[in-house]
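The values are calculated or read from the model by the stated rules, or taken from the named source; none is laboratory data. This structure is a prediction, so every number in the text was calculated from the model and none was measured. Note: ideal-geometry Cβ built from the backbone for every residue, glycine included; neighbour counts use all protein chains shown. For the accessible areas, the whole protein counts, side chains as well, though only heavy atoms, and no ligand, DNA or RNA atoms are used. Shrake-Rupley method; radii C 1.70, N 1.55, O 1.52, S 1.80 Å.
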Amino acid sequence: VLLNVKIRAAKHFFISTYLWKKNMKHNVWIVDDDKSIRWVVEKALARENMVASCFATAEELLVELSKTTPDTVITDIKMPGMSGLELLKKIHSTNPNLPIIVTTAHSDLDSAVSAYQGGAFEYLPKPFDLEDLIAVTQRAISFTKDQIKASTSEESISCSHNEIIGEAQSMQEVFRAI
């Protein structure tokens, strides 16, 4: 019975989280040492009904990440202090399913390979077309929503399965016998 209560609570949490994320503006974090890039990307995302939070350094973003989680992150590779690739590794060590879009003005094959090997959702060389960035960001958000939905479905299947097994009269007799 306690197991069923816990499963129902988990199911409620996942469904509530999914519905909350579905009905809210999506939160995108941008980290780039170039203020003009942050400003342009923030304005482009706002036109698409997304809320952008901007950070000048990876360290600033990590402080905020300890408090809350965005729907996706857009990061530059080359920045003072921690690089975008180091940030990618740090984020994925604690939030492996958070999609991270990597951008760079210093595009080369090694950085692209490193980004993908580090778990980047997408790699965009600068200068990028804002429409491309918006499309990639929307795909990343859809990826997050699909993960929440899949998790909710798995919990629902698990919950239904446990309820059938645990609440059937014949199973109650088996439990008493054990």
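Rolling a 1.4 Å probe over the protein chains gives Glu86 an accessible area of about 100 Å².
Protection proxy ranking for 94-102, 71-79, using the average of other Cβ atoms within 10 Å per residue and placing the highest first: 71-79, 94-102.
Using a 1.4 angstrom probe on the protein heavy atoms only, line up Leu45, Leu130 by accessible area, largest first. Can you show the working numbers first?
Details: Leu45 0, Leu130 50 Å².
I get Leu130, Leu45, largest accessible area first.
How high is the relative contact order of the range 88-135, in percent, with contacts defined as C-alpha pairs under 8 Å that are six or more residues apart?
Rounded, it is 41 percent for the range 88-135.
Here's how it looks for Ile74: its modeled amide H is under 5 Å from those of Trp29, Ile30, Val31, Ile101, which are all 5 or more places away or on a different chain. Residues in the range 39-56 carry Karplus couplings, in order, of 5, 5, 5, 4, 5, 5, 5, 4, 4, 9, 6, 10, 9, 10, 10, 10, 9, 7 Hz; the curve used is 6.51 cos²θ - 1.76 cosθ + 1.60 with θ = phi - 60°, and Gly or Pro positions show x.
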